[in-house]
1. Where does the charge balance sit around CYS289 when Lys and Arg score +1, Asp and Glu -1, over other residues with C-beta under 9 Å from its C-beta?
2. How much net charge surrounds GLU309 when only other residues with a Cβ under 15 Å from its Cβ are counted (Lys, Arg +1; Asp, Glu -1)?
3. Taking amide hydrogens as modeled 1.01 Å from N in the peptide plane, which residues meet the under 5 Å criterion relative to LEU127, leaving out close sequence neighbours?
4. When TRP339, TRP494 are ordered from fewest to most other Cβ atoms inside 10 Å of their Cβ, what list results?
5. May I ask you to sort ASP142, ASP165 by Cβ crowding, counting other Cβ atoms within 10 Å and putting the fewest first?
6. If you take every residue apart from GLY192 with its C-beta less than 11 Å away from the C-beta of GLY192, what net charge results, scoring Lys and Arg +1 and Asp and Glu -1?
7. Can you list the HN-Hα couplings for the stretch 144-158, worked out from phi with the Karplus curve (6.51, -1.76, 1.60; θ = phi - 60°), rounded to whole Hz and with x for Gly and Pro?
Amino acid sequence: MKQGKRLTAVLTAACLCLLGMPGDPALAAAGNAAQGSETVSAEPAADPEFRSQWLKMNGELYYIQADGTIRTGTFRLGKRTFQTDEKGVLTGVSYNRDDAFYEEDRAYFGGDSLYAANPDGGNRQQLWSENVNREGDPDAVDCVWVENGRIYFYYFGTLYSMNPDGSQQTELKLRGNGIVFEDAEDLCIQDGVIYLTSSDPEYGTGRFAAFDSGGNRLPYPEAVFGGCPDQLQVEDGWMYFLQTEDGLHYGPEACDGFLYRASLTDSRIQQITEEKIDSYFVYGDTAYCMQNGAMIRVSVSSAAAASQENQNQFWADPEAYYENFAESELRSAYGSSSWAQGGTLSEGILGYAVENIDQEATDELAVVRLKAQNGGYSVVLDVYRMFAGRVVKLGECVLGPASQSGQHGEAKVILGRLGAYWTIQYGWRTWADGQEAFGGISWDSVYGCQFESHYLSHVVEWDDRYIPESAGTEYANSALMEAGEAKTLFQVSW
């Protein structure tokens, strides 16, 4: 029998005795294992942050220290702080923001240099002093991690590693597609693979990347997210992460606070929590999540299966999926504007269209609605996209004020191409009795929003600009408003 199984069984039996459960069936199984049987009741530890062992017994999670005792109270391990009750049952978890990595008997801190200390901060010593604070940044050393007896940290585009005593220092530049990852936000290392999130130098969005021990970019995970995904944890071929910062890619409310996981072998991304959380820890098939100070448990396999099924349905027919979402979800939320049927101005949806607006792999849903604003009404554009099994709102843009003036008039919102880019334009025109309704009547006002390719051009920071209808303008708005190939999202006459 392997020594690891023997130790697990002995610890399990000891812990059950300490917990006062002599009649529990798990005790007998653990006792059999201790005597030589292959039956082991506890799950093996999987998280690379810990040298010692987590045990799941009777649905509860306990931390067993190296000396075989159950850890109680509040303690830090890796980059997390755990809370347990008087019996050692896990009751809370939070993520540390102090650029530190904790072991049972030692802690390593970043900041203006790299330091080692006791977990309580005592016996502090500086391990690295080369060019400390050379850029005038007191928090330049960050993303500290410990793996296989080596300490890793990030400093101005370079990943350093060294022994706990500061010896055998190495430096590594992380590169991908010709880009040096200058600013790491979070770091995780397992089995020689380096995982990090970083600010993308071109788009300013959170980039999620993996590198081999030579600093070469690996193909997966390949996703780019808005904000900075952090609280990284690697488990069984998946990278778990919590998006916690507003970003330019998916908007301030779209993904923040949800737990996701990205495959390390292909392009799959799955959403694990249906509600926003503050922090988490994954063990086995359970995600232990904190929400407003209380712990909730989520079955990872069940959540992942539901997320993947939604994605499969979407890819089978994206247009039908979006249309169902617009009719069932959005009309319930916003209603239908009476203006869309030629009535008076009122809040609600005017129309929508499905199109690959940013020329990436996934179609988007563009929704036009009327919104009460500043004592009147505005025509508003919302853009949605499928992400990890959920349709998320990317951003909102006020196209312009709604108008129903004049004896007769027409208002229209179109989605068309201007050169290489998609543009959504909203305009209206009015005329008096006797004038030709649709021949030679110029547009009184045209408002527009242009999408650059890739990531919807910082979709939550729309360039809300009035585009004048002057001859020779680069936007050629009147021509686009009349273009036969343009897709009409909404049109009404009065």
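FYI, it's all coordinate maths here, none of it is from the lab. Predicted model, so just to flag it, every value in this text is computed and none were measured. All Cβ positions, glycine included, derive from the backbone under ideal geometry; neighbour counts span all protein chains shown.
1. Numbers: positive: ARG297; negative: GLU275, ASP278.
Computed value for this residue: -1.
2. 0
3. LEU114, TYR115, ALA116
4. The fewest-first ordering by Cβ neighbours comes to TRP494, TRP339.
5. By the 10 Å Cβ count, ascending: ASP165, ASP142.
6. -2
7. Per residue, the Karplus-derived 3J(HN,Hα) values read 6, 8, 10, 8, 6, x, 10, 9, 10, 7, 10, 8, 6, x, 10 Hz.
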